[in-house]
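What follows is a single structure, written as structure tokens, with notes after it.
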Amino acid sequence: MMIIGCDFHPGYQQIAMLNKETGELCEKTLSHERKEEVRCFYGALPKPVRVGIEASGQSRWFESLLSALGHEVWIGDAGKIRASCNRKQKTDRRDAELLLKLLVEDRFPRIWVPTAEERDARQLLLHRHKLVRMRTQVMNQLQALALNQGLQRKRKLWSVQGREQLEELALLPWAQRRRTELLEMFDRLHATIGELDRAVEQEAQARPSARRLMTHPGVGPITSLAFVLTLGPVQRFGRGKKVASYFGLIPTEHSSGARAQRLGHISKQGNAFLRGLLVEAAQSAVRHEPEMHRAYERLAQRKSRALAKVAMARKLAVRLYWMLRLNLDYAQWLQGSHAGPPESFCGRN
């Protein structure tokens with residue numbers, strides 16, 4: 001087998017290659033400006049070939065290329081890879097050699113990688129999220145423009161009557177042009193987001209796991225689809241606490257010696273987009289789900305509402321995990337929770 005440690009960069013890659021049969025070690029630098037040269041190099045290698053690279057956001061084309069050539073691609077946790085070497089000298093050559101060493105010694109911190117179809121579905125959610133933020137910015141600018149002219153309608157500005165009042169405001173030429181173009185941008189973004197909402201609904205309905213999560217109050221197609229695509233196979237996690245940690249919803253901790261336990265803010269590690277969706281969904285669930293409503297009110301009175309919102313997001317994430325783990329919809333989960341389920345499930349661990 002050929003084993004390759006690849007230190008990947010957007011413009012080039014440094015590789016360290018070992019032939020396990022002959023013990024021959026080879027080093028090489030490949031430029032990405034000539035991708036055909038990269039394809040020819042990897043295409044000429046005798047199979048099987050295992051290539052290890054660090055996780056990055058610019059290597060999709062390279063992963064697809066290796067998969068098309070029939071090579072085995074391992075994606076590694078960049079933080080754990082860096083922590084495995086304590087040397088102060090860092091070069092591309094040393095990084096490639098480190099990757100190769102971890103592969104040969106069977107210590108490579110391989111991570112789960114979603115399929116190409118799942119990655120594409122993530123792009124749908126991300127694209128919609130970015131457009132919603134753009135629409136919000138446009139709406140805020142129009143609100144400011146209306147307020148400067150003495151028109152305060154708040155949310156009613158986007159009603160039919162509010163839109164007419166906004167369009168009838170007497171403005172100077174450049175302000176009038178700004179209003180016209182902002183309204184055109186708002187209409188285009190609103191129509192596009194509507195199309196993406198329907199696409200998200202179709203994607204969620206096509207996945208049994210997402211449909212199951214949508215039975216929970218406050219969880220819609222966007223949150224359910226994002227949760228399924230981000231979580232991946234539920235078997236990766238042995239308990240709910242690991243899921244909460246994976247989403248960055250557990251507090252940081254600095255406890256040592258005989259001192260009391262010291263907890264800080266949540267770690268905010270993991271997917272920030274999904275974490276935000278969980279917080280929004282939890283606020284909706286609190287209004288419709290009695291148990292979460294009681295837990296939220298108790299914590300809000302004892303601590304603060306901001307802390308209670310995050311705590312409910314963690315509770316919701318763990319609950320959704322168990323619904324997937326046990327193949328239960330919300331009604332079945334509710335019956336099981338009152339009928340005395342296993343301790344690990346009842347305790348929401």
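Just so it is clear, none of the values below were taken in a lab; they were calculated from the coordinates. These numbers were taken from a predicted model, which means no experiment stands behind them. Cβ coordinates were reconstructed from backbone atoms using ideal geometry, including for glycine residues, and neighbour counts include every protein chain displayed.
Mean sequence separation of contacting Cα pairs (under 8 Å, at least six apart), scaled by the length of the chain, corresponds to a relative contact order of 11 percent. Take each complete run of DSSP H in the chain, measure how far its Cα atoms stretch along the helix's own axis, and keep only those covering 24 Å or more with mean Kyte-Doolittle hydropathy at least -0.5; list them. Membrane-span-like by this criterion, though nothing is claimed about a membrane: 272-288, 305-325.
In this structure, the amide hydrogen of Trp74, modeled 1.01 Å from its nitrogen in the peptide plane, lies closer than 5 angstrom to those of Val51, Gly52, Ile53, counting only residues at least 5 positions away or on a different chain. Remark on Thr252: its backbone amide H falls under 5 Å from those of Gly264, His265, Ile266, Ser267, a criterion applied only to residues 5 or more positions apart or on other chains, H modelled at 1.01 Å from N.
Computed over all pairs of different Cα atoms, the Kirkwood value for the hydrodynamic radius of region 263-303 is 11.6 Å.
Could you compute the longest span of the chain free of GluC sites (Glu not before Pro) located in DSSP loops and having at most 13 other Cβ atoms within 10 Å, not counting the site residues? Spell out each step's value before the answer.
Numbers: sites that count: Glu21, Glu24, Glu33, Glu105, Glu168.
By the stated rule (loop sites, at most 13 other Cβ atoms within 10 Å), 169-349.
Each residue of region 1-126 gets 119 Å³ once the volume of the Cα convex hull is shared out per residue. Simple point charges give the picture: +1 on the Cβ of Lys and Arg, -1 on the Cβ of Asp and Glu, and for region 187-258 a dipole about the Cα centre of about 420 debye. Diffusion coefficient (Stokes-Einstein, Kirkwood radius over C-alpha pairs, 25 °C, 0.890 mPa s) for the chain: 101 µm²/s, rounded to a whole number.
Calculated FRET efficiency, Thr91 to Gln261, Cβ-Cβ distance, R0 = 45 Å: about 0.60 to the nearest 0.05.
Tell me the mean residue ellipticity at 222 nm calculated for the chain from its helices only (DSSP H runs of n ≥ 4, each -39500 (n - 2.57), averaged over every residue, nearest 500).
Values: 15 runs with 199 residues, N = 349.
So the calculated ellipticity at 222 nm is -18000 deg cm²/dmol.
Annotation: amide H of His32 within the under-5 Å range of Tyr12, Gln13, sequence separation 5 or more or interchain, hydrogens built in the peptide plane. Compactness of region 119-236 is given as radius of gyration and Dmax, 18.7, 62 Å, from Cα positions.
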